[in-house]
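We did not get these values from a lab; they are worked out from the coordinates using the rules stated. Model, not experiment: these values are computed from the prediction. Note: ideal-geometry Cβ built from the backbone for every residue, glycine included; neighbour counts use all protein chains shown.
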Amino acid sequence: MSATFIPVISSIVAASAAICAALISAYFQRKTARETADLGKKKARIEQLEKELRLAYGQVKAYYESETIAADELAAHTGKAARTVKTEIRDEVQSRGFHRPDWTRNECERRRNELGL
């Protein structure tokens, strides 16, 4: 009995080790696949946010330009300097509870370039 007992035990141990190794390998393969899928989703989301940020900087530049046009027009009709009119408009915006607009086109471009957009 002992002559067959040792090979049987060794076969059982080897089979158990192979099953454990297969289970561990399957676990890590599944985890890696899930992480890779999550990474792909996050990368796509970052690309979408970069696109939205690029558009937002363009919008800020456009609003700055429209503010400049409006200030020039109002200055022509009021006799005030365009810079004074622009300051008054910004003061009014702030008094209404909004952030004081203080960016310029150059500031938008600088920040956009810093982000590599």
- For region 1-56, what is Rg from Cα atoms divided by 2.2 N^0.38 Å, rounded to two decimals? 2.38
- Task: Quote to one decimal, in nm, the extra length available between residue 20 and residue 53 on full extension: 0.36 nm per residue of separation minus the C-alpha distance between them.
- Result: 7.0 nm
- Query: For the pair residue 37 and residue 95, what calculated FRET efficiency results from E = 1/(1 + (r/R0)^6), where r is the Cβ-Cβ distance and R0 = 30 Å, to the nearest 0.05?
  - Reply: 0.05
- Note on the structure: Matching label for the computed Cα extents along the principal axes in Å, out of (i) 114, 26, 16; (ii) 38, 30, 21; (iii) 63, 32, 16, is (i)
- Find the eigenvalues of the gyration tensor of the Cα atoms of region 49-117, then list the square roots of 5 times those eigenvalues as equivalent ellipsoid semi-axes, largest first, in whole angstrom. 27, 13, 9
- Task: Report the relative contact order of the chain, percent, no decimals, based on alpha-carbon pairs under 8 angstrom and at least 6 residues apart.
- Result: 24
